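Comments concern the structure below.
Each value in this text was obtained by applying a stated rule to the coordinates, not by laboratory testing. The structure presented is a predicted model; accordingly, all values stated were derived computationally and were not measured. Note that each Cβ is placed from the backbone with ideal geometry, even for glycine, and that neighbours are counted across all protein chains shown.
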């Protein structure tokens, strides 16, 4: 292979691979729903990450009566995303509120991750019922991993382009 064709192959691979693959979020259980009890046992929290495209995730949060699948109505809560110990998102903070209220038992929170890494989603409950009865803050935490998305189709396209480049530079005939 001549030096010109090596540069062609390198340029093709760089165009396909080197442009930066957008991150995609995965729960510890590959996008499946996860259920954990609050730290004080008042409710169970079910978290379902819904990936709408490679960077945007909607987190469906269901507040459940303990040890059941029945929705619990009326909670005062916050939905927090942390990277390490640093809080990088608070649903209540976005609205400049100390907490939020949910009436029907489930919510959906959108978030766009900007970089790969390990994150923690924390659902913090501070009150139950209507009118709310304050409780000591109880939390449920869920690990989330944001990894580069690398679809199998891109690998096939890269292999095909390299093959075409080799055939073209070596003068092979396909037919």
Query raised in the report: Ranked highest first by average number of other Cβ atoms within 10 Å, how do 71-77, 117-123 line up?
Result: 71-77, 117-123
Query raised in the report: Between the range 92-146 and the range 40-87, what is the C-alpha centre distance in whole Å?
Result: 6 Å
Report task. Report the full-extension gain for the segment residue 32 to residue 83: residue separation times 0.36 nm, less the Cα-Cα distance, to one decimal in nm. Result -> 16.3 nm
Query raised in the report: If contacts are Cα pairs under 8 angstrom and at least 6 residues apart, what is the relative contact order of the range 54-152 in percent?
Result: 31 percent
Report summary line: Sorted largest first, the C-alpha extents of the range 23-150 along its principal axes in whole angstrom are 47, 32, 23
Report summary line: Placing each pseudo-label 7 Å from Cα in the direction of the beta carbon, residue 145 and residue 130 end up separated by a distance in nanometres of 4.0 nm
Query raised in the report: Label-point separation (nm) for residue 116 and residue 104, each offset 7 Å from Cα along Cα-to-Cβ?
Result: 3.8 nm
